[in-house]
Each structure stands twice: as C-alpha cells, then as structure tokens.
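Right, one structure below, let's go through it.
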Amino acid sequence: MTDSTTGEGLILNGLTKILGGRVIIDNLHLAVKKGEMVSLLGPSGCGKTTTLRMIAGFLIPDSGNITLNGNDVTLLGPEKRPSAMVFQNYALWPHMTVFKNVAYPLKVRKLSKEEIVRRVHEALEVVNLMHHKDSRPGQISGGEQQRVALARALVQEPDILLLDEPLSNLDAKLRVKVREDIRNLQRRLGITTVIVTHDQDEALSISDRIAVMNSGRIEQFSTPQELYDRPETEYVANFIGSLNRIEGDYQGGKVIPGTGVIGIRPEDVLFTQEQTTGSYPATVTLVVPRGHFSEVYIKRDDVELRAFISVDVPKIGDQGFARVAKALIYQDSKLVRVD
Ligand SMILES: Nc1ncnc2c1ncn2[C@@H]1O[C@H](COP(=O)(O)OP(=O)(O)O)[C@@H](O)[C@H]1O
Ligand SMILES: [Mg+2]
C-alpha cells in the first residue's frame, strides 16, 4: 500500500512543470502502490512523457515533490534513483552487441565483470534473448529490440520500471503479444511499473489502475472496470470506450430536451421484438458488421442510438423496441448520476 505510514510505492505530490513558457504539468497528484502496474493514458501532447521524465529524474519539477518508497527523490539525477526507463524509440546503441547494450548501465556503475555477466545473462533469460546476445540491434526484429531495451532496464534491478509507449513501434499483432509478455513479467517480478500509452486498449488490458490525463492534469485514476462503468467526466467517458452523446435530460428511459448531457454505451442499447418496461418503439436504420458484433443504428422517436449487438442482429428496416439499460448523466461535464 502507498500511504504516509509505510511510504512504500511512488507518490507524486503536486508536480508542476513549465516548459517553453507554458504550464505543461499542472499540480499533478498520483500514488502508485508497491508492485502495482499503472498506466498514464491520454492523447498526444497531454504531458505523459514529461511526467515520466520527472519520475525518472531527467527533468526536475518546478514545484511539488516525488517520493519513492518513502525517500524524497525529487532532486536526484536519473543515475541516483532506483528507477529504470525504457524509451519510446528503445535508444539502443547500434554498434554494440545485445550483451553490451544490456551491460552498459552496470558498466557505468562499475560493477565487477563477473557480476555484470551474471546479471546480464539473467536479464536476457528473463526476456528470452540469450540466443541473440552476440547480435547487433540491426540484426534482430523490432519486438526483439524492444525486449533488449526491457532487459537493459531490468538488469538494473530497479524499484520502479518506467515505460514510455514501449509498444508503439511494433505492428498490431506483435503489440498484443509483447504487451502480454510485459504484463506477465511485471507480475512475476512484482515490480512497480508506470507505463505511458495513448492506446486505451493497451491501458485497459495491462493495468491495475489507469490515470487518464488531460492537459497536464489527471482527470480520473481508477481501475479499468471503474473507468469504464463510472467515467467521472465526459472527457474520460469519450476517451475510454464508445459513447452515444446526447444533449438533454433523461427520465424513465426517455430523452427529454434539456441542458445536460447523456452518455450511453452502445452495448447498453437493447433492441427487442417485444415491448418491455422502459422500452419504446424503434426502427433499425443502419447495420454495420464489425466482425464479432454489429454496429446497429436504431431510431427511437426521441433520438437515434448506436448499439453494439452480437446475437440476433436485426436488419435495416426492422421494427421493434429499444431500451437503454444504463445511462451516464453529466452536468457541466461532470458525472452526476448513473441511471
Ligand atoms: N522541452 C520542451 N520545451 C517546450 N515544450 C515542451 C518541451 N517538452 C515537451 N513540451 C510540450 O509539452 C507538452 C507535453 O509533451 P509530452 O509530455 O511529450 O506529451 P505526451 O507524452 O503526452 O505526448 C507538448 O505540448 C510538448 O510540445
Ligand atoms: Mg510522449
């Protein structure tokens, strides 16, 4: 647990960073528990890398502080912190072998040759790359290069692992495999990890908790399920998953023209042949197959809704009844009610 009594884990306390005369990080608070995997999720330019660089020690905040396992590390340089970072472009040295790339941080720390060999071999085993120890980065695949970068971080036996969009240079299929590898490794080693991503699928699939960022601030910090079920702001609701966004008020399953905003997840729009409580006459206006489900546009007299339907998919022109199973009600962009 991260709390003031044990001081374990990572605590970012009111971090602010000004770059180029602009406030890039704005009074940011975050507490990561020991052994936890947390994502910083947000669109490009929202300040994810800047935050990670402050945690790693490559940037010093203008105000606020950072504690790691109870120690204030705010002003320590990267080599003095028990953290290791994997950069977006891996930053491997092309002229060095895989072994030498991984050994580098230990050489800098002037460990004995035997210790270096032992730890590098261990790290290469962990990422399954022993057979490539004498290859150069240019001779191995992107996924393997990514694992070299990971081994170079793990070899330092850090208290906290920092990953900046580690999968963005991989193709879609490999990305899913490597993210599972990273997650399994993280669980097995029990290493506290902060991973930066702009990809909601990636964040939802590998994180214990996700910090959704918007313009240098954290909008919500919750488990994947909680973020999906109870997005506290319209921004989070739009960023995580899909949403029907309707202006109006919502009563008894009906949309009433008004001032608020109603958010309805497409899988919460139900279409049936029989009328049930809270369902209203509706017509199917469009069906778009999406593989394991279909996107179905349904016109109810009050509004047109997009539904995700995977069994008994209706056809264009079908008439029936549509019911909204769950609606998120926002006022001034803040969640006020779930109906
Ligand atoms: N050294 C810098 N000088 C000025 N602006 C910067 C600097 N570094 C980053 N920024 C700006 O800070 C904002 C956040 O950048 P960054 O943390 O890299 O975002 P993200 O990683 O979320 O895409 C961007 O608008 C970027 O242009
Ligand atoms: Mg970035």
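Compared with the dominant principal axis of the Cα atoms in the chain, helix 172-189 is inclined by about 60°.
According to the square roots a ≥ b ≥ c of the eigenvalues of the Cα gyration tensor, what is the shape class of the stretch 18-71, taking rounded for a/c under 1.5, prolate for a/b larger than b/c otherwise, and oblate for the remainder? Here the stretch 18-71 falls in the oblate category. For the stretch 164-309, the relative contact order comes to 12 percent (Cα pairs under 8 Å, sequence separation of at least 6). With the whole protein complex present, Thr283 retains an accessible surface near 50 Å², based on a 1.4 Å probe.
Of all DSSP bridge pairs formed entirely within the chain, close to 75 percent run antiparallel. Under the rule that an exposed site lies in a DSSP loop and has at most 13 other Cβ atoms within 10 Å, name the longest stretch of the chain with no trypsin sites (Lys or Arg not before Pro) of that kind, not counting the sites themselves. With a cap of 13 other Cβ atoms within 10 Å, the longest stretch comes to 111-289.
Annotation: lysines with alpha-carbon distance below 24 angstrom to Lys299 (same-chain offsets under eight excluded): Lys254, Lys315, Lys326. Mean residue ellipticity at 222 nm, helices only, the chain: -7500 deg cm²/dmol; runs of at least 4 DSSP H residues each add -39,500 (n - 2.57), and the sum is divided by the number of residues. Between Thr197, Thr74, Thr97, the residue with the greatest mean-square fluctuation in the GNM of the chain (Cα pairs under 10 Å linked by springs) is Thr97.
All other residues whose Cβ lies under 12 angstrom from that of Pro289 are scored, Lys and Arg at +1 and Asp and Glu at -1, for a net of +1.
At a 1.4 Å probe radius, carbon and sulfur cover how many percent of the accessible area of the chain? The nonpolar share, carbon plus sulfur, comes to 50 percent.
If Lys and Arg each add +1 and Asp and Glu each add -1, what is the summed charge of the other residues whose beta carbon sits under 13 Å from the beta carbon of Ile24? Summing Lys/Arg as +1 and Asp/Glu as -1 gives +3. When all alpha carbon pairs of the chain are counted in 20 Å bins from zero, the resulting P(r) reads 27, 46, 23, 3 %. Net charge of the neighbourhood of Gln319, taken over other residues with C-beta under 14 Å away and scored Lys/Arg +1, Asp/Glu -1, is 0. Only lysine pairs 8 or more places apart, or on different chains, with alpha-carbon atoms under 27 angstrom apart are counted in the stretch 10-238, and they number 26. Longest segment of the chain with no chymotrypsin sites (Phe, Trp or Tyr not before Pro) in a DSSP loop having at most 16 other Cβ atoms within 10 Å? For chymotrypsin sites (Phe, Trp or Tyr not before Pro) (loop position, at most 16 other Cβ atoms within 10 Å), the longest site-free span of the chain is 59-292.
The angle separating the long axis of helix 113-126 from the principal Cα axis of greatest extent in the chain is about 20 degrees. The angle between the Cα long axis of helix 98-108 and the longest principal axis of the Cα atoms of the chain comes to about 70 degrees, rounded to the nearest 10.
The values are calculated or read from the model by the stated rules, or taken from the named source; none is laboratory data. The structure presented is a predicted model; accordingly, all values stated were derived computationally and were not measured. Using ideal geometry, Cβ is built from the backbone for each residue, glycine included, and neighbour counts are taken over all protein chains shown. Just the protein is used for accessible areas: all its heavy atoms, side chains included, with ligands, DNA and RNA removed. Shrake-Rupley method; radii C 1.70, N 1.55, O 1.52, S 1.80 Å.
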